[in-house]
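Chemist: Structure incoming, see below.
The values are calculated or read from the model by the stated rules, or taken from the named source; none is laboratory data. Just so we're clear, the structure is a prediction, and the values are computed from it rather than from any experiment. In this analysis, Cβ positions are derived from the backbone assuming ideal geometry, glycine residues included, and neighbour counts consider all displayed protein chains.
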Amino acid sequence: MPDSSTPPRTIRLADYRLPDFLIDAVDLAFDLREDGATVTSRLTMRRNPATSDPAAPLVLDGQDLKLTGIALDGEALGANRYTVDAEHLTVTDLPGVFTLDITTEIAPQQNTTMQGLYTSGGNFCTQCEAEGFRHITYYLDRPDILARYTTTIVADKAKYPVLLSNGNPVETTDLGGGRHRAKWEDPFPKPSYLFALVAGDLVAVEDSFTTRSGRDIALKIFTRRGDHTKVDHAMRALKASMAWDEQVYGFEYDLDLFMIVAVSDFNMGAMENKGLNIFNTALVLASRETATDGDFQRVESVVAHEYFHNWTGNRITCRDWFQLSLKEGLTVFRDQEFSGDMNSRPVQRITDVRRLRAIQFPEDGGPIAHPIRPESYIEINNFYTPTVYEKGAEVIRMIHTLIGPERYRKGMDLYVARHDGQAATCENFVAAMEDASGTDLKLFRRWYSQAGTPEIVVEDSWDDAAGRYSLTLRQSTGPTPGQPDKQPLHIPFALGLLDAQGRDLPVRLAGEAAPAAGTRVLSLTAAEQRFDFDGLAARPVPSLFRGFSAPIKLAPQPRDRLAFLFAHDSDPFNRWEAGQQLATQLLLEGVAARKAGQDWRLDAEFVAAIGRLLDDPALDAAFIAEATALPGESFLADQMRVIDVEGIHAVREAARLAVATALRDRLLAVYRANDDHGPFDVSAAAVGKRALKNAALSYLGLLRDDAEATALVLAQARGAQTMTDVLAALTVLRDRDIPERAQVLQDFYDRWQDEPLVIDKWFALQATSSLPGTLDAIRALTRHPAFTLRNPNRARALISSLAMGNPLHFHAADGAGYAFLADQVLALNAANPQLAARILVPLGRWQRHDPGRQAAMQAQLDRILAAPDLSRDVYEIAAKSRA
Ligand code: PHE
Ligand code: ZN
């Protein structure tokens with residue numbers, strides 16, 4: 001905030017109050033023009049019988065609106081009956097039941113915030129979550145107000161042939177004079193954040209889905225002309241999601257029409273508006289030439305995610321924004337499970353855990369750490385976080401793990417039976433799970449209120465005479481802002497015990513009859529707890545927290561155990577994990593050695609283990625690709641008390657080179673064996689082959705003096721038929737200072753200059769280079785004709801790729817990376833506060849850097865905080881990061 005004003009207000013969960021009024025129906029009419037839009041709204045309202053104040057005034061939310069008309073029960077309202085300030089319209093002396101007619105003028109063409117009604121590429125679209133609707137008209141803009149909507153849209157017929165809103169189309173009329181009108185009706189009461197409108201020149205790809213009860217649903221995906229060739233994958237994913245939700249959850253779609261619209265200017269990934277999902281083009285368009293396999297997978301999971309929201313989010317919504325994880329954590333868990341069923345389940349889990357560790361663990365250990373159900377916020381847009389989403393999904397997964405799939409399903413059924421059509425709370429959800437399963441979740445509820453990542457230390461002992469193996473677990477969670485003291489959590493502990501050949505043994509607690517061999521889920525509920533296991537002939541090897549059964553940090557385990565599990569664990573996640581943990585220990589040792597000026601070499605045994613994995617015919621190719629990759633620089637940094645930026649990079653690259661050098665011929669053979677030129681598809685098998693081939697390439701590409709390897713990289717960069725392969729080769733070249741590099745990058749640009757999503761990759765690639773001079777190159781790219789801060793995808797491609805994907809240059813010791821990021825935050829602050837606040841987050845992670853970097857990061861935060869007219873969004877992140 002400017003120093004002249006007081007800091008913005010903090011909103012608290014503890015202050016939640018029922019609304020004084022209810023809205024039964026909303027009739028909206030939009031007149032869309034080139035110079036603005038007129039919105040008329042008729043609200044059918046009554047006082048809420050459940051509140052205590054029968055004389056309360058009506059306080060509607062509204063921002064950046066010009067009020068041009070207001071009438072009560074059809075009569076213009078006198079000026080003494082209402083007041084308008086920057087954020088509200090207040091009406092006094094209202095009867096018990098009434099209608100209010102409100103007319104506002106808005107300026108969608110000038111709206112750069114991408115909240116409310118705005119234009120993108122000449123088309124109109126909306127984004128109302130969380131509080132965008134108040135930028136369209138005065139309203140009770142809170143999720144516990146559920147109303148029936150009808151929407152009428154009038155616009156130029158030639159420029160905007162397609163007019164869409166939620167629900168079902170009821171009428172389209174040619175108005176003459178080149179204008180037309182469409183009317184939509186949504187029979188399901190909904191909160192304002194699920195309202196959507198689209199008007200534009202769009203083409204639709206159509207399909208249909210027959211539900212299990214035999215209803216035919218029309219499916220339409222709208223894009224700009226030309227992009228309609230890239231929606232097959234999204235359509236397939238949509239139909240698969242609809243079928244999966246019926247099979248796994250018993251959820252059937254409820255309208256006759258389901259629409260997706262692709263928009264190129266969008267702050268987030270996608271939005272679950274009732275019947276009319278709006279997507280960032282990056283998460284709906286995919287073709288073999290323009291999208292990587294990773295992109296294909298993200299499209300599939302986000303299409304599913306938004307579709308799944310129809311039940312978990314829309315039919316049952318959130319009472320208030322503190323309950324955001326009620327819909328987001330649950331829906332992320334649902335989309336992760338869907339993706340696990342569609343693709344390789346172990347690789348899906350590995351990908352999800354990698355992501356959690358890369359983005360959520362640092363958040364939980366940093367200045368904006370918060371529980372999955374936060375207790376306060378300044379700007380709700382800042383709380384669409386990895387904690388609410390990804391950790392929220394882990395919390396649902398833990399319930400699923402603790403009570404098992406059948407009782408979890410009973411819990412979901414009960415949750416829906418109790419709350420369909422309502423605005424609910426996280427507590428409602430847990431209560432349903434508890435009641436349906438008969439499992440006490442009292443202690444488990446702490447996951448909703450306690451922030452931070454628990455750390456677990458495990459000790460074991462073996463009593464040969466008794467044949468008894470014991471594990472003692474200790475849990476602790478470090479302090480987070482506002483939560484100095486933590487309590488023990490209820491942690492599901494999935495355990496396997498292996499014999500010397502790597503076979504699973506029965507996990508038999510002392511005093512029990514022997515269960516079948518395999519994983520057993522135990523409950524850790526105390527700060528310290530011992531588990532005794534009987535019936536063992538010899539000391540077993542424990543496989544701890546299989547499948548990552550809880551979002552915890554496990555203290556380093558003995559190396560011989562990790563090496564054994566890396567070779568033998570039957571749980572594929574833990575097999576991968578053992579390799580990652582082993583590599584982490586080795587690499588961190590290397591970092592320490594380098595710092596002390598000592599020699600270090602990657603352990604030959606570990607290299608040999610990677611070699612054995614590479615061509616193990618029993619393993620899935622996608623799994624091998626994951627298991628042979630070393631942990632990333634950010635993950636390694638997260639394991640250090642004081643981060644050694646250059647050391648981590650240097651040692652990790654040296655280790656990669658050691659693997660490449662030692663295994664060169666095997667890598668080449670793996671490359672060739674997986675270089676498939678058959679017809680393109682994104683089946684798990686085909687994706688796995690490409691992943692393994694490119695894993696081999698990324699090692700081979702490090703062999704600078706190996707002409708054969710370099711030729712392979714260049715040939716793939718120039719001639720590959722899929723974006724996956726092209727980008728894999730470019731990623732190698734990105735970090736190689738060879739003459740061909742510039743030309744290959746230029747050719748790529750020339751070829752794809754009309755495909756914005758591919759040009760985003762071109763920017764991101766250069767922003768993540770490790771070559772010297774990268775920051776200068778990035779600065780130069782901000783002046784490239786194709787660069788603009790106004791398009792969120794483009795801004796993120798250059799700026800967030802540096803700040804989140806290039807630790808070496810973002811954390812350059814001279815602080816230039818920090819200054820660059822702060823410049824961009826300030827440049828975006830006014831135009832798009834939501835995006836500005838998001839790209840700022842990495843500047844707040846100064847706590848574990850050396851004093852010089854800490855000071856440089858803090859100086860940039862101070863510079864931001866001193867700027868005039870700081871948005872609430874940026875203020876909140878900068879102020880909390882500085883504290
Ligand atoms: N609710 C959207 C989703 O997850 C995310 C979103 C939030 C989009 C806010 C736009 C604005 O699924
Ligand atoms: Zn969501």
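Chemist: Can you name every residue in region 565-615 that is modelled with pLDDT of 95 or more and outside any helix (DSSP H, G or I)?
Modeler: Asp569, Ser570, Asp571, Ala596, Gly597, Gln598, Asp599, Trp600, Arg601, Leu602, Asp603
Chemist: Where in region 44-129 are the strands (runs of 3 or more DSSP E), entirely inside, with at least 3 residues that are out of contact with any Leu (no Cβ under 6 Å at 6 or more places or on another chain) and either of a type outside the set (A, V, I, L, M, F, W, C) or not assigned by TED's automatic domain parsing to the domain that holds Val198 (or both)?
Modeler: It comes to 66-72, 97-106, 116-120.
Chemist: Among the candidates Thr223, Thr210, which residue alone is β-branched (Val, Ile, Thr) and within 18 Å of Val302 (Cα to Cα)?
Modeler: Answer to the selection: Thr223.
Chemist: Continuing with this model, one more query. Out of the residues in region 860-872 that are outside any loop (DSSP other than H, G, I, E, B) and surrounded by 14 or more Cβ atoms within 10 Å (Cβ to Cβ), which is farthest from the chain's Cα centre (by Cα)?
Modeler: My answer is Arg863.
Chemist: Then there's this: Could you go through region 115-123 and let me know if any residue there is within 16 Å of ligand 2 (Cβ to nearest atom), surrounded by 20 or more Cβ atoms within 10 Å (Cβ to Cβ) and at pLDDT 95 or above.
Modeler: No, there is no match, as no residue in region 115-123 is within 16 Å of ligand 2 (Cβ to nearest atom), surrounded by 20 or more Cβ atoms within 10 Å (Cβ to Cβ) and at pLDDT 95 or above.
Chemist: Only helices (runs of 4 or more DSSP H) wholly contained in region 672-756 count here; list those with 3 or more residues that are without any contact (Cβ under 8 Å) to a residue 24 or more places away in the chain and in contact with a His (Cβ under 7 Å, 6 or more places away or on another chain).
Modeler: none
Chemist: Another one. Answer yes or no as to whether Arg853 is charged (D, E, K, R), within 30 Å of Glu131 (Cβ to Cβ) and touching a residue at least 60 places away in the same chain (Cβ under 8 Å).
Modeler: no
Chemist: Does Leu802 satisfy the criteria of being among the aliphatic types (A, V, I, L, M), part of a helix (DSSP H, G or I) and touching a Phe, Trp or Tyr at 6+ places or on another chain (Cβ under 6 Å)?
Modeler: Yes; evaluated as a whole, the condition is true for this residue.
Listed here are the residues, each with its yes/no results for (1) within 16 Å of ligand 1 (Cβ to nearest atom); (2) in the same structural domain as Ala803 (by TED's automatic domain parsing); (3) charged (D, E, K, R).
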{"site": "Asp295", "(1), (2), (3)": "no, no, yes"}
{"site": "Arg298", "(1), (2), (3)": "yes, no, yes"}
{"site": "Asn314", "(1), (2), (3)": "yes, no, no"}
{"site": "Ser344", "(1), (2), (3)": "no, no, no"}
{"site": "Gln348", "(1), (2), (3)": "no, no, no"}
{"site": "Asp352", "(1), (2), (3)": "yes, no, yes"}
{"site": "Ile359", "(1), (2), (3)": "yes, no, no"}
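Chemist: Against the conditions (1) within 23 Å of Arg142 (Cβ to Cβ); (2) away from ligand 1 (no atom under 15 Å from the Cβ), where does Asn273 fall short? Just the number, please.
Modeler: Only one criterion in (1) within 23 Å of Arg142 (Cβ to Cβ); (2) away from ligand 1 (no atom under 15 Å from the Cβ) is unmet by Asn273, namely (2).
Chemist: Right, next: Go through (1) out of contact with any Pro (no Cβ under 8 Å at 6 or more places or on another chain); (2) among the polar types (S, T, N, Q); (3) within 14 Å of ligand 2 (Cβ to nearest atom) one by one and return the number of the condition Asn382 breaks.
Modeler: (3)
Chemist: Which residue is farthest from the chain's Cα centre (by Cα), if the candidates are limited to region 627-640 and must be assigned to a loop (DSSP other than H, G, I, E, B) and under 19 Å from Gln557 (Cβ atoms)?
Modeler: Met640
Chemist: Return the residues of region 288-305 that are charged (D, E, K, R), touching a residue at least 60 places away in the same chain (Cβ under 8 Å) and either assigned to a helix (DSSP H, G or I) or over 22 Å from Trp762 (Cβ atoms) (or both); say none if nothing qualifies.
Modeler: Result: Asp293, Asp295, Glu300.
Chemist: Of everything in region 453-509, what is within 21 Å of His370 (Cα to Cα), touching a strand residue (DSSP E or B) at 6+ places or on another chain (Cβ under 8 Å) and outside any strand (DSSP E or B)? Give them in sequence order.
Modeler: Selection gives Thr453, Pro454, Thr477, Gly478, Lys486, Pro488, Leu489, His490.
Chemist: Charged (D, E, K, R) and part of a loop (DSSP other than H, G, I, E, B), is that true of Asp823?
Modeler: no
Chemist: Filter region 1-23 for residues that are surrounded by fewer than 14 Cβ atoms within 10 Å (Cβ to Cβ) and among the charged types (D, E, K, R); which is farthest from Asp93 (Cα to Cα)?
Modeler: Looking at the filtered set, the residue picked out is Asp3.
Chemist: Taking region 115-153 on its own, how many of its residues are more than 15 Å from ligand 1 (Cβ to nearest atom) and either without any contact (Cβ under 8 Å) to a residue 60 or more places away in the chain or among the acidic types (Asp, Glu) (or both)?
Modeler: 2
Here's the yes/no breakdown for (1) part of a loop (DSSP other than H, G, I, E, B); (2) within 22 Å of Asp335 (Cα to Cα); (3) hydrophobic (A, V, I, L, M, F, W, C):
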| position | (1), (2), (3) |
| --- | --- |
| Val205 | no, no, yes |
| Arg225 | yes, no, no |
| His233 | no, yes, no |
| Ala240 | no, yes, yes |
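Chemist: Which of (1) under 27 Å from Asp760 (Cα atoms); (2) surrounded by 12 or more Cβ atoms within 10 Å (Cβ to Cβ) does Ala715 not meet, given it meets every other one?
Modeler: (2)
Chemist: Further, regarding this structure: List the number of the failed condition for Val203; all other conditions in (1) in contact with a helix residue (DSSP H, G or I) (Cβ under 7 Å, 6 or more places away or on another chain); (2) within 16 Å of ligand 1 (Cβ to nearest atom); (3) not polar (S, T, N, Q) hold.
Modeler: Exception for Val203: condition (2).
Chemist: On the basis of being touching a residue at least 24 places away in the same chain (Cβ under 8 Å), in the same structural domain as His400 (by TED's automatic domain parsing) and within 29 Å of the chain's Cα centre (by Cα), does Phe493 make the cut?
Modeler: no
Chemist: For region 242-270, give me each residue that is outside any loop (DSSP other than H, G, I, E, B) and more than 15 Å from ligand 1 (Cβ to nearest atom).
Modeler: Matches in region 242-270: Met242, Ala243, Trp244, Asp245, Glu246, Gln247, Val248, Tyr249, Leu257, Phe258, Met259.
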